[in-house]
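The values are calculated or read from the model by the stated rules, or taken from the named source; none is laboratory data. Everything numeric here is computed off the predicted structure, so don't read it as measured data. Counting neighbours? That spans all protein chains shown, and the Cβs are built from the backbone with ideal geometry, glycine included.
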Amino acid sequence: MVGKWLGGSLGFVMGGPIGALLGFIVGSVIDLATDANASPGMPGSHTAQGDFRVSLIVLVAAVMKVDGKVVKLELDYVKQFFVRQFGQESAREALALLKDILKKDILVRDICRQISANMDYSSRLQLLHLLLNISLADGAINKAEIDLIEKISGALEISGSDFVSIRNMFIPETDSSYKILEIDRTATDDDIKKAYRKMAMKYHPDKVGHLGDDFRQAADDKFKKVNEAYNKIKKERDIA
């Protein structure tokens, strides 16, 4: 049963390459969308919960398949992540849907183009954050997965600076705190304060409140990373 993950006002995912991918999974998927009073997605509009959930699962499947194999250990890590984020019942539904999608070819660029045309920017940033979180859930860095996530980021029309910012929340580089705030070490104290206010607004959990409580924790985590980066820089520079 994958009602929750295929429900929730499904809109744009019912068409295009995502709809084609879903068509084989549940024969009543169109009925589910109708029951949820779905309406076609519009570029720049708020993203429906069902659209976001399905987009996340499809992209997670693409990342898991990139090295040519999907092992039980990877599925276990993904399951643990979903349990932590969404609870036992929702995690079971997500894993069932994921296992079905893993059996099919995934046209990543076409799917990303469909998502980008219909999903608001804040939700796309949240997708990227979750993909990196899941990919690194086992504590290991798989270069093929990270490279694909970077390509997904570009196809979702996420800016290069935003990708570097979110990547540094999980894979710290030199001056990672500055990179999270999308500035460099030469920035003045005033520039740092301005950058923090800008990033705090961009990553505030309210930006994706329309996705529902399931995704609130992940949004909170991203917001905390921005605050941690700012506090680290403040301590280093003794900024009041």
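Out of everything in segment 92-112 that is part of a helix (DSSP H, G or I), over 12 Å from Leu59 (Cα atoms) and among the basic types (Lys, Arg), what residue ends up being modelled with the lowest pLDDT?
Per the stated criteria, the residue is Arg92.
Is there any pair linking a residue in segment 47-70 that is closer than 17 Å to Lys104 by Cβ to one that is of a type in the set (Asp, Glu) and part of a helix (DSSP H, G or I), with Cβ under 7 Å and at least six apart or on different chains, and which?
Val63/Glu145; Met64/Glu74; Val66/Glu145
Of all residues in segment 179-195, how many are farther than 19 Å from Ile158 by Cα and either in contact (Cβ under 8 Å) with a residue 40 or more places away in the chain or in a helix (DSSP H, G or I) (or both)?
Total satisfying the criteria: 6.
Find the residue count for segment 186-220, including only residues that are charged (D, E, K, R) and within 22 Å of Phe52 (Cα to Cα).
So the count comes out to 7.
All but one of (1) out of contact with any helix residue (DSSP H, G or I) (no Cβ under 8 Å at 6 or more places or on another chain); (2) touching a residue at least 12 places away in the same chain (Cβ under 8 Å); (3) closer than 21 Å to Ser123 by Cβ hold for Lys202, so report the exception by its number.
(1)
Which ones in segment 42-58 are assigned to a helix (DSSP H, G or I) and either more than 20 Å from Leu22 (Cα to Cα) or at pLDDT below 55 (or both)?
Across segment 42-58, there are no qualifying residues.
I'd like the full set of residues that are free of Cβ contacts under 8 Å to residues at least 60 places away in the same chain, of a type outside the set (Ser, Thr, Tyr) and either surrounded by 18 or more Cβ atoms within 10 Å (Cβ to Cβ) or in contact with a His (Cβ under 7 Å, 6 or more places away or on another chain) (or both), limited to segment 137-154.
Correct list: Ile146 only.
Restricting attention to segment 159-213, and to residues there that are at positive phi and within 22 Å of the chain's Cα centre (by Cα), which single residue is surrounded by the most Cβ atoms within 10 Å (Cβ to Cβ)?
Only one residue fits best here, namely Glu182.
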